[in-house]
Amino acid sequence: MTLAAMSLDLPVPKLSIKSLTLEDLAAHFAAQGDPAYRAKQVADWLYQKRVDSFAAMTDLPAATRSRLAEEFSFVGPEIVRVLGSEDTTRKFLFRLGDGSLIESVLIPASPALYGQTSDRRTACVSTQVGCAYGCKFCASGLDGFSRNLDASEIVSQLLAIEAASGEEIDNIVFMGMGEPLANLTNLLRAIRIINAPWGLEIGARHITISTSGLAPQIRKLASEPTQFRLAISLHGATDEVRSRIMPVNRKHNLTTLLGACDEYVAQKKRLMFEYILIAGVNDSDEQAHQLAQHALRLSAKTNLIPYNTVEGLEWSRPSRNRQESFLQILRDHGAVATLRREKGHDINAACGQLRLQTKRAENPVAAEQ
Ligand code: SF4
């Protein structure tokens, strides 16, 4: 028997109900000859009342509940570990239905974090299991890429964090594990659910997508009607420096990336730069002058982030003086910039570290492969 024929015998995994938009639910019920209001009832159970089974949707007929349970799955992520305490950054390690591990972070209210003003509880969410892009400062890149998350696995991170913490999330950054724009279809579907009045109702301006610089997808985002925020992980102001830190720059170099950003900004959308300051690598005066030019060209605010030590990587953060001098050069050019003290430094909040440690502890041989 061929592999293809053998695979025909495998059960097809059920689609998760939390991957569906209200329109999808409406189409589903219409196809079954059910009343149109069923779609809104199900959305209410999922995102307002937050039940964890079809059986709990008590205003649906029993036959409808059984049919939904046969057709769709309802599994949420299992929390494996939580690090941090109530008033500090908390990191959640989740196990998905197929055993994969992903991380999310809940960051308490903090002035100027990701450009937001105070009293916001920010969730930093993953979009892939592992990552293929191999940025040299990032633990997610140390372990390769496994798969994309589906929309429900993206949305469910938020539901699980809110349930476990009792906190209401009002700001989301897609800066967890994975390159969000490499999973654009599922990301946009998840954002539709997160943003919708029938869903999690989080305003588009409180949703930030971070990218390592996938120029073609940035162009696609330019034509998206929703006004979410876009953060470009720049980390180098010339091709020579950026390629050392971010291998993606060899595919989409700065000319291509900044050209895509021009198109994005031309649609009256704003973007910002993230720039991790690494001692002796990208923190020179020349880099600061070049970075200021890029930022002014795109009217982009720049967030400077002192490097966060990653186990197994050699780099270090510049001295406080160097950080301040770099910031001052940007400001002298008239560029808007902030210097952030990295939150979560003590609990390995940098992308991918908790997952890597847990994977190595659970399965030391496989994790090294
Ligand atoms: S920074 Fe983002 S894109 Fe780069 S390796 Fe880490 S997860 Fe991937």
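The values are calculated or read from the model by the stated rules, or taken from the named source; none is laboratory data. These numbers come from a predicted model, not from an experiment. Note that each Cβ is placed from the backbone with ideal geometry, even for glycine, and that neighbours are counted across all protein chains shown. The accessibility values were calculated without ligands, DNA or RNA, using every heavy atom of the protein model including side chains. Shrake-Rupley method; radii C 1.70, N 1.55, O 1.52, S 1.80 Å.
Taken over the stretch 275-292, the criterion of being closer than 12 Å to LEU234 by Cβ and polar (S, T, N, Q) is satisfied by ASN282, GLN287, GLN290.
Just one of the listed residues (GLY178, GLY199) is open to solvent by less than 10 Å² (accessible area, probe 1.4 Å) and in a loop (DSSP other than H, G, I, E, B), namely GLY199. Among the residues of the stretch 16-32, those that are outside any helix (DSSP H, G or I) and either surrounded by 16 or more Cβ atoms within 10 Å (Cβ to Cβ) or modelled with pLDDT of 95 or more (or both) comprise SER16, LEU20, THR21.
Of the residues making up the stretch 127-174, those that are touching a Phe, Trp or Tyr at 6+ places or on another chain (Cβ under 8 Å), near the ligand (Cβ under 10 Å from one of its atoms) and within 14 Å of GLU103 (Cα to Cα) are THR127, GLN128, GLY130, CYS131, GLY141. Picking from residues in the stretch 56-81 that are hydrophobic (A, V, I, L, M, F, W, C) and open to solvent by 70 Å² or more (accessible area, probe 1.4 Å), the one that is farthest from LEU200 (Cα to Cα) is ALA63.
Summed over the stretch 297-321, residues that are in contact with a Pro (Cβ under 6 Å, 6 or more places away or on another chain) and at pLDDT below 90 total 0. Taking the stretch 235-279 as the range and being closer than 17 Å to THR208 by Cβ, hydroxyl-bearing (Ser, Thr, Tyr) and within 16 Å of the ligand (Cβ to nearest atom) as the test, only TYR275 passes. The criterion of being touching a helix residue (DSSP H, G or I) at 6+ places or on another chain (Cβ under 8 Å), away from the ligand (no atom under 16 Å from the Cβ) and within 19 Å of ALA43 (Cβ to Cβ) holds for ASN195. Scanning the stretch 286-314 for residues that are open to solvent by less than 70 Å² (accessible area, probe 1.4 Å), in contact with a helix residue (DSSP H, G or I) (Cβ under 9 Å, 6 or more places away or on another chain) and closer than 21 Å to PHE137 by Cα yields a count of 10.
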